[in-house]
Amino acid sequence: MSETRSARPDPNDEGIRLQKVLAKAGIASRRVSEELIDLGRVTVDGEVVTEQGRRVDPETAVVHVDGVRVVLKEDVVTLVLNKPRGVLSTMHDDQHRPCVGDYLAERRERLFHVGRLDADTEGLLLLTNDGDLAHRLMHPSYEVPKTYVAEVQGPVAKDVGKRLRAGVELEDGPARVDSFKLVDSMPGKALVEVILHEGRKHIVRRLLDHVGYPVLSLVRTHIGDVQLGNQRPGSMRVLNRQEVGSLYKLVGL
């Protein structure tokens, strides 16, 4: 009597068709997604995919289109909060002071803030439930650029940018900016833009104070290519696909 052997399952028979996954993620319609696959513009786990029958598991697959990571998990979300001045970058505060967690009371996801902003600093704060993304954005080895606009006591001397780009010695070690620009000048004060990847406490305020320009107000306007835009203080918005992809690319995901 012959023994019937069960066939080993083909990995390609499991999961969801790639073009359907791309369409559901908002990349393009299924038809256009098929064209992207035909053109070799889609990779799965680092491999270029050109066959239309490819199936993937959205929970585990790492998919890129034109080199930009695609978020496949429906429950992963990244938000931008325009943190108002006076709000603490914590989820809870035992002293019942205003904190970031107050703005998340109606959201179902378990979100956490990516880094911190000083209580007196306002502007762009990322909130996410993507642990890998958050970890890399906060890790100093990825040198994620952050842009701030500061109002300082002015006028600002012409050599300030050069001094800050060259680096200064602070009490906890040397520090420098990646970019410095005078945005506007008014009687007795000025607006300056500072870009840096440093993450030390009060770093922007300490740098500007060190070169003789105490900060009157400070707003973070960008993290990488993600920008605050015209969001009003206290408002939140969900990052779009391009913005999330730019963050993934920034940290090599």
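Observations
- Among the residues of region 196-227, those identified as within 12 Å of Thr121 (Cα to Cα) and touching a strand residue (DSSP E or B) at 6+ places or on another chain (Cβ under 6 Å) are Val204, Arg205, Val215, Leu216, Ser217, Leu218, Val219, Arg220, Thr221.
- When region 184-208 is filtered for residues that are among the charged types (D, E, K, R) and within 21 Å of Gly115 (Cβ to Cβ), the ones remaining, listed by number, are Glu193, Glu198, Arg200, Lys201, Arg205, Arg206.
- Residues located in region 171-196, provided they are within 21 Å of Leu137 (Cα to Cα), surrounded by 14 or more Cβ atoms within 10 Å (Cβ to Cβ) and not acidic (Asp, Glu): Ala175, Arg176, Val177, Val194, Ile195, Leu196
- Of all residues in region 55-71, those that are surrounded by fewer than 19 Cβ atoms within 10 Å (Cβ to Cβ) and of a type in the set (Lys, Arg) total 1.
- Pick from region 88-120, criterion of a type in the set (Val, Ile, Thr) and part of a loop (DSSP other than H, G, I, E, B), ranking: nearest to Leu228 (Cα to Cα): Val114
- Subset of region 61-93 (residues that are at pLDDT 90 or above and charged (D, E, K, R)): Lys83, Arg85
- Yes/no for Gly123 being small (Gly, Ala, Ser), assigned to a strand (DSSP E or B) and over 14 Å from Asp209 (Cβ atoms): yes
- Selection over region 1-41 of residues that are β-branched (Val, Ile, Thr), in a loop (DSSP other than H, G, I, E, B) and at pLDDT 75 or above gives a count of 1.
- Candidate set from region 99-117 (those that are at pLDDT 90 or above and surrounded by fewer than 17 Cβ atoms within 10 Å (Cβ to Cβ)); member that is farthest from Glu198 (Cα to Cα): Asp102
- Residue that is nearest to Glu198 (Cα to Cα) [pool: residues in region 118-143 that are of a type in the set (D, E, K, R) and within 19 Å of the chain's Cα centre (by Cα)]: Glu143
- Some residue of region 72-83 being buried (at least 19 other Cβ atoms within 10 Å of the Cβ) and under 15 Å from Ile16 (Cα atoms): yes
- Region 126-153, residues that are under 20 Å from His202 (Cα atoms), crowded, with 18+ Cβ neighbours inside 10 Å and small (Gly, Ala, Ser): Ala150
- Listing of strands (runs of 3 or more DSSP E) fully contained in region 156-253 that carry 1 or more residues being touching a residue at least 40 places away in the same chain (Cβ under 8 Å): 168-170, 189-196, 215-223, 236-238
- All of (1) at pLDDT 95 or above; (2) closer than 26 Å to Cys99 by Cβ; (3) out of contact with any helix residue (DSSP H, G or I) (no Cβ under 8 Å at 6 or more places or on another chain) hold for Ile195 with one exception: (2).
The values are calculated or read from the model by the stated rules, or taken from the named source; none is laboratory data. Note that this is a predicted model, so its numbers are computed, not measured. Neighbour counts run over all protein chains shown; Cβ positions are idealised from the backbone, glycine included.
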